[in-house]
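Following: one structure in structure tokens, then a few remarks.
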Amino acid sequence: MSPIKKSASAPLLHLRPLGRGTPAFKPSLFETMRRWAFTILIFASISIFLCVSFSLCSSRNPMYATQLIFPSANISNTDSSLLAIKEDLNSPTRRVSSFQDSNSIASVSVLLPEWQVLVIISPDADPLPLSVGNFTCLYANNATAPARFSGILSSTNQTTFKCILPRSIRRRLPFAAPMLMESSEKESPVHWPYSPPQELLRWTYLVYESFSTVDDVVLFVKGPNNRQGINRSPSEFKCVFVDEASSKTVKTAVTSSIQEVFRCDHPDLTAFGSGGDHDAIKIKIFLETMGTGPKKVVPSVAYYTPRDKIAKEQPKSQLCASTMVYNVGKFLREWIMYHSKIGVEKFILYDNDSDDDLISVVNDLNKEGYNVETLLWTWPKTQEAGFSHAAVYAKDSCNWMMYIDVDEFVFAPSWDNSTQPSDQMLKSLLPSSSHGHRHMIGEVSIMCNEFGPSQQRSHPEEGVTQGYTCRRKVENRHKSIVLLEAIDDSLLNVIHHFSLKKSYRMKHLSLEAAVVNHYKYQAWLEFKAKFRRRVSAYVVDWMSALNPLSKDRTPGLGYEAVEPQGWENKFCEVRDERLKLLTQRWFRTETERGYKMAWQS
């Protein structure tokens with residue numbers, strides 16, 4: 001380093017640290033003015049920043065939020081003319097400009113995990129042309145993202161799309177909902193209109209589904225009861241029914257509040273003044289929280305279905321099966337064909353937004369004579385709510401419901417000597433009619449054996465029952481077959497079993513009577529896909545470093561989808577080929593190249 005040279009014009013100043021009793025260096029007048037100018041500049045910059053921030057925060061005023069307008073007079077449950085809900089941000093029919101009228105499609109959007117945006121089209125739109133078109137999500141800063149067709153909601157017949165929230169939008173609060181634009185071959189510049197955009201609804205606080213029974217309305221709501229085992233009292237809530245066209249409103253009492261399921265009374269439809277024509281009105285359902293402070297309304301994408309639209313009673317199947325699925329096209333045929341042959345008459349699948357060939361597989365199975373129904377259930381981490389929905393949805397068409405996953409197969413050791421499957425095998429596990437007894441059996445519990453990778457490096461072409469034959473020694477968890485009429489009105493369920501009415505009890509089967517072969521730890525590529533997606537609302541994701549000792553965690557796996565050394569040999573304590581040999585006897589066909597299972601393409 002070169003030495004500092006003294007200069008007549010710039011004398012060297014010797015500065016010492018300031019301390020008690022140490023004289024400070026006295027700056028010149030020019031230096032003082034320069035410092036004052038710099039201070040003023042900093043102060044002005046901070047002031048401008050605070051003003052802009054305050055303006056942005058102020059833009060989130062009640063004018064653009066769901067709110068209740070209460071008159072001074074007392075309001076009865078049916079006095080809807082005095083009460084209205086303003087829903088500028090949540091209404092799928094909100095018109096923002098002539099630009100939207102001519103180019104965009106009326107919709108409401110929900111921000112899901114991983115920055116996914118679910119776009120739900122207005123109920124007025126015809127779903128058929130929407131399902132085959134090309135669309136784009138346009139955001140308020142003119143950023144765009146491709147829109148993927150995501151299916152049609154079974155409850156409302158509404159078309160849905162998914163797109164990603166661009167990074168440039170993620171820095172702006174509140175998050176603005178996109179406009180769904182039809183893509184054209186000629187790309188032309190598009191610009192957001194000057195009207196304020198809708199705000200994205202948050203998935204963590206939302207009324208997302210509803211179902212009408214003969215006696216009441218079942219709402220599925222994310223947010224109010226967000227911890228397992230801790231549920232707010234029904235008296236803290238009201239169901240609010242709003243006619244979107246007239247804004248007339250009816251409120252009814254909430255009778256049950258458990259997990260994400262709320263039950264309330266039907267509204268008096270005459271209060272909407274429809275003249276009996278229920279098809280002419282579209283009634284949205286909200287949940288109002290009744291605390292000591294200001295009343296709040298949970299935003300909603302759910303609509304009410306009046307009782308006269310409910311399907312009429314139909315012949316019931318004795319035994320059905322229901323499960324939530326995601327990208328299980330390669331596994332489904334084996335699971336359906338096996339359980340159909342041993343007694344399941346109808347399958348109800350809650351599709352958690354699959355993007356594989358699931359629908360084509362289901363269509364093929366139905367053409368072959370199997371009874372398989374799919375419902376789009378796009379809501380993430382709502383397995384318990386989906387099971388509750390199945391309990392009320394299938395009550396008119398099924399007596400007993402088996403709740404198991406697609407990687408689980410029910411097996412009884414007594415079937416070993418059977419040369420052919422029988423549709424009475426599963427039903428033999430159910431109790432005979434026990435009316436007159438003090439406590440009737442309303443649920444049959446079956447324990448699970450967990451199978452490991454069994455040296456498989458990829459999905460076995462012959463099926464999971466053939467490829468995975470090595471399991472853990474100790475059983476874990478249990479699955480159930482439930483009498484739907486025995487389920488408690490709260491619809492409370494945990495780990496595939498339900499809370500029952502007081503007059504019913506659960507029967508536990510021994511491992512000698514029946515067992516569920518749970519092919520839980522499959523070849524790494526298959527298990528890795530499962531690692532990323534957990535469906536239970538109350539089970540911590542494997543990627544989250546919480547509750548490391550939970551039975552739902554994979555021993556030795558950690559929190560990242562990184563293949564552990566020797567994965568293909570893990571969880572192999574007992575060689576169990578009973579179901580492999582049994583299914584070979586029932587479903588194998590000899591070919592020139594060896595045997596082929598019935599579910600192989």
Pairs with Cβ under 7 Å, 6+ apart, first in segment 212-228 and under 22 Å from Lys381 (Cα atoms) and assigned to a loop (DSSP other than H, G, I, E, B), second aromatic (Phe, Trp, Tyr) and open to solvent by 10 Å² or more (accessible area, probe 1.4 Å): Gly223/Tyr205; Gln228/Tyr538
Count of residues meeting criterion [part of a loop (DSSP other than H, G, I, E, B), in contact with a Phe, Trp or Tyr (Cβ under 9 Å, 6 or more places away or on another chain) and surrounded by fewer than 19 Cβ atoms within 10 Å (Cβ to Cβ)] in segment 362-377: 2
Hits in segment 305-325 - residues which are modelled with pLDDT under 95 and of a type outside the set (A, V, I, L, M, F, W, C): Thr305, Pro306, Arg307, Asp308, Lys309, Lys312, Glu313, Gln314, Pro315, Lys316
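One line per residue, one yes/no per condition, for (1) closer than 16 Å to His478 by Cβ; (2) touching a residue at least 60 places away in the same chain (Cβ under 8 Å); (3) touching a Phe, Trp or Tyr at 6+ places or on another chain (Cβ under 9 Å):
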{"residue": "Asp407", "(1), (2), (3)": "yes, yes, yes"}
{"residue": "Ser422", "(1), (2), (3)": "no, yes, yes"}
{"residue": "Met447", "(1), (2), (3)": "yes, yes, no"}
{"residue": "Pro453", "(1), (2), (3)": "no, yes, yes"}
{"residue": "Gln456", "(1), (2), (3)": "no, yes, yes"}
Enumeration of residues in segment 378-397 that are open to solvent by 10 Å² or more (accessible area, probe 1.4 Å), under 14 Å from Asp351 (Cα atoms) and in a loop (DSSP other than H, G, I, E, B): Pro380, Lys381
Strands (runs of 3 or more DSSP E) lying entirely in segment 234-282 (those with 2 or more residues that are modelled with pLDDT of 90 or more, over 16 Å from Val298 (Cα atoms) and of a type in the set (S, T, N, Q)): 249-258
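Here is a yes/no grid of residues against (1) touching a Ser or Thr at 6+ places or on another chain (Cβ under 9 Å); (2) open to solvent by 70 Å² or more (accessible area, probe 1.4 Å); (3) modelled with pLDDT of 95 or more:
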| site | (1), (2), (3) |
| --- | --- |
| Leu492 | yes, no, yes |
| Lys501 | no, no, yes |
| His518 | no, no, yes |
| Thr589 | no, yes, no |
Tabulated pairs, segment 571-586, first more than 16 Å from Pro453 (Cα to Cα), second part of a loop (DSSP other than H, G, I, E, B), C-beta under 6 angstrom, 6+ apart or interchain: Trp586/Pro421
Restricting segment 463-481 to residues that are free of Cβ contacts under 8 Å to residues at least 60 places away in the same chain and out of contact with any Phe, Trp or Tyr (no Cβ under 7 Å at 6 or more places or on another chain), the residue that is surrounded by the most Cβ atoms within 10 Å (Cβ to Cβ): Gly467
Some residue of segment 398-419 being farther than 19 Å from Ser210 by Cβ, modelled with pLDDT under 95, outside any loop (DSSP other than H, G, I, E, B) and of a type outside the set (S, T, N, Q): yes
Some residue of segment 430-443 being under 30 Å from Cys572 (Cβ atoms), of a type outside the set (Asp, Glu) and either open to solvent by 10 Å² or more (accessible area, probe 1.4 Å) or out of contact with any helix residue (DSSP H, G or I) (no Cβ under 6 Å at 6 or more places or on another chain) (or both): no
Flag for Pro315 being assigned to a loop (DSSP other than H, G, I, E, B) and farther than 29 Å from Ser428 by Cα: no
Which listed residue is charged (D, E, K, R), under 15 Å from Ile285 (Cα atoms) and touching a helix residue (DSSP H, G or I) at 6+ places or on another chain (Cβ under 7 Å), from Asp216, Asp243: Asp243
Unmet requirement for Asp356, which otherwise passes all of (1) under 30 Å from Thr204 (Cβ atoms); (2) among the acidic types (Asp, Glu); (3) more than 21 Å from the chain's Cα centre (by Cα): (3)
Residue tally, condition touching an Asp or Glu at 6+ places or on another chain (Cβ under 7 Å) and either modelled with pLDDT of 90 or more or buried (at least 20 other Cβ atoms within 10 Å of the Cβ) (or both), over segment 523-541: 1
Flag for Ser544 being more than 23 Å from Thr323 (Cβ to Cβ), under 23 Å from the mean Cα position of the chain (by Cα) and modelled with pLDDT under 75: yes
Residue, surrounded by the most Cβ atoms within 10 Å (Cβ to Cβ), within segment 200-226, restricted to residues that are under 22 Å from Gly293 (Cα atoms) and out of contact with any Leu (no Cβ under 8 Å at 6 or more places or on another chain): Leu206
Residue, farthest from Phe262 (Cα to Cα), within segment 227-245, restricted to residues that are surrounded by 19 or more Cβ atoms within 10 Å (Cβ to Cβ) and β-branched (Val, Ile, Thr): Val242
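The values are calculated or read from the model by the stated rules, or taken from the named source; none is laboratory data. Model, not experiment: these values are computed from the prediction. When we count neighbours, we look across all protein chains shown, and the Cβ atoms used for this are built from the backbone with ideal geometry, even at glycine. Note: areas computed on protein heavy atoms with side chains; ligands, DNA, RNA excluded. Shrake-Rupley method; radii C 1.70, N 1.55, O 1.52, S 1.80 Å.
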